[in-house]
1. Please verify whether the range 212-227 includes one or more residues that are part of a helix (DSSP H, G or I), touching a residue at least 24 places away in the same chain (Cβ under 8 Å) and open to solvent by 10 Å² or more (accessible area, probe 1.4 Å).
2. Looking at (1) free of Cβ contacts under 8 Å to residues at least 40 places away in the same chain; (2) surrounded by fewer than 19 Cβ atoms within 10 Å (Cβ to Cβ); (3) under 15 Å from the mean Cα position of the chain (by Cα), which is the one condition that is false for residue 92?
3. Scan the range 294-350 for residues that are β-branched (Val, Ile, Thr), closer than 21 Å to residue 214 by Cα and surrounded by fewer than 16 Cβ atoms within 10 Å (Cβ to Cβ) and report the count.
4. Considering only the range 112-144, how many residues are open to solvent by 30 Å² or more (accessible area, probe 1.4 Å), hydrophobic (A, V, I, L, M, F, W, C), closer than 19 Å to residue 91 by Cα and in a helix (DSSP H, G or I)?
5. Output the residues belonging to the range 64-101 that are within 24 Å of residue 115 (Cβ to Cβ) and either part of a loop (DSSP other than H, G, I, E, B) or acidic (Asp, Glu) (or both).
6. How about the range 252-350: which helices (runs of 4 or more DSSP H) wholly inside it have at least 2 residues that are touching a helix residue (DSSP H, G or I) at 6+ places or on another chain (Cβ under 6 Å)?
7. Out of everything in the range 188-201 that is open to solvent by 30 Å² or more (accessible area, probe 1.4 Å) and of a type outside the set (Lys, Arg), what residue ends up being farthest from residue 148 (Cα to Cα)?
8. Could you please find all residues in the range 191-219 being under 18 Å from residue 35 (Cβ atoms), more than 12 Å from the chain's Cα centre (by Cα) and aliphatic (A, V, I, L, M)?
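The values are calculated or read from the model by the stated rules, or taken from the named source; none is laboratory data. All values reported here derive from a predicted model rather than from experimental measurement. Counting neighbours? That spans all protein chains shown, and the Cβs are built from the backbone with ideal geometry, glycine included. For accessibility, only protein heavy atoms count, side chains too; no ligands or nucleic acids. Shrake-Rupley method; radii C 1.70, N 1.55, O 1.52, S 1.80 Å.
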Amino acid sequence: MTNYFRSNIDAMASYVPGEQPPRGTNIIKLNSNENPYPPSPAVLAVLKNIEGEWLRRYPEPLGGEFRRAASQVLGVPSDWIIVGNGSDEVLNLVMRACTEPGRKVVYPIPTYVLYVTLSQMQGAEVVEVPYGENYQLPLEALVAANGAVTFIASPNSPSGHIVPIADLRELASRLSGVLVIDEAYVDFAAENALDLVKEYENVIVIRTLSKGYSLAGLRLGFGVANPRLLHGLFKVKDSYNIDAIACALGTAAIIDQEYKNACAAKVKASRTQLAQDLKSLGFHVWDSHTNFLLVQPPQNNAEYLYQQLKARNILIRYFPQPGLDDKLRISVGTDAQNQVLIETLTQICA
């Protein structure tokens with residue numbers, strides 16, 4: 001049989017996203033960390049007024065409309081922003097521009113599993129450094145690894161913890177390569193690392209509209225960094241990577257900070273209640289700065305509970321890998337959805 005692929009592609013495993021049931025299915029979906037609330041009404045208003053001319057012509061190649069809006073909201077110049085087809089594309093741009101065989105990609109584990117997939121695609125050397133007790137950042141080991149790219153997800157998935165800004169600042173000051181701070185869940189946290197891009201040329205902060213802005217289906221994310229760092233990323237970006245509709249809707253979403261913050265506040269309140277309810281069932285629940293909870297069942301039967309909930313049309317996330325195979329990741333739903341989850345877990349555990 002003919003082998004069409006590079007050796008590293010043959011050897012790697014594909015990234016496995018959370019299960020996506022067909023739309024309209026009567027399922028409580030708490031497995032992909034989607035926001036349980038709808039997008040801003042301002043976004044839906046723009047969607048209703050999309051004109052055919054928007055589709056006939058190519059979009060702005062750099063997503064200029066969104067860059068200008070994000071610039072005003074974030075307080076950074078627009079030329080410090082790069083827009084991607086979801087934040088995953090921006091992660092991929094960093095990898096394509098900065099890594100190759102012989103260059104290291106470094107990150108603490110457990111974390112977002114796409115990092116290893118992107119590394120293997122490039123044939124880069126992967127250095128995984130275990131988090132310390134209570135998810136303390138292994139700062140010295142990360143510096144010693146000397147990566148061409150170092151990924152830090154903060155808040156992190158699947159643990160939900162946040163890395164202190166002081167640790168990120170020290171890491172940035174001691175690395176010679178690029179430090180990627182992945183802030184996909186920042187809208188549910190109390191602090192962010194955006195100021196570090198102004199202090200360090202080697203830092204890029206990456207964000208998404210999938211979580212806080214309820215636009216996971218739109219695929220729009222962005223990175224913020226010094227233009228000297230972005231210069232290389234623009235070289236490997238597709239010519240028209242952001243479609244006109246995504247740019248227009250994303251612009252409306254990021255402008256409506258009041259709506260986004262109100263939804264985030266509801267999610268955080270529900271997160272607190274859900275954590276309390278799970279603890280009352282005997283679960284160990286880690287503190288979370290995200291829109292999900294990492295939990296450990298009292299009987300260490302995580303896979304069993306995942307399967308039992310799935311049989312009852314409730315999807316959560318189970319990771320069959322060392323360090324996580326006794327845990328579950330549960331997205332925060334609406335209060336009604338969370339209540340059904342708790343009632344169902346109560347029945348199963350009984």
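1. Step one: list which residues in the range 212-227 are part of a helix (DSSP H, G or I), which gives 227.
Then keep just the ones that are touching a residue at least 24 places away in the same chain (Cβ under 8 Å); that gives 227.
With the extra rule that they be open to solvent by 10 Å² or more (accessible area, probe 1.4 Å), the set shrinks to 227.
Yes, the range 212-227 contains at least one residue that is part of a helix (DSSP H, G or I), touching a residue at least 24 places away in the same chain (Cβ under 8 Å) and open to solvent by 10 Å² or more (accessible area, probe 1.4 Å).
2. (2)
3. Filtering the range 294-350 down to residues β-branched (Val, Ile, Thr) leaves 295, 314, 316, 330, 332, 334, 340, 342, 344, 346, 348.
Of the ones still in play, those that are also closer than 21 Å to residue 214 by Cα are 314, 316, 330, 332, 334.
Then keep just the ones that are surrounded by fewer than 16 Cβ atoms within 10 Å (Cβ to Cβ); that gives 334.
So the answer is 1.
4. Number satisfying all stated conditions: 2.
5. 85, 86, 88, 89, 99, 100, 101 - these are the residues of the range 64-101 that are within 24 Å of residue 115 (Cβ to Cβ) and either part of a loop (DSSP other than H, G, I, E, B) or acidic (Asp, Glu) (or both).
6. Working: elements: 257-280, 302-311, 335-349.
Per the criteria, 257-280, 335-349.
7. Within the range 188-201, the subset open to solvent by 30 Å² or more (accessible area, probe 1.4 Å) is 190-192, 195, 198-201.
The next check asks that each one be of a type outside the set (Lys, Arg); those that pass are 190-192, 195, 199-201.
Values: 190: 29, 191: 26, 192: 23, 195: 22, 199: 19, 200: 15, 201: 14 Å.
The selected residue is 190.
8. 215, 218
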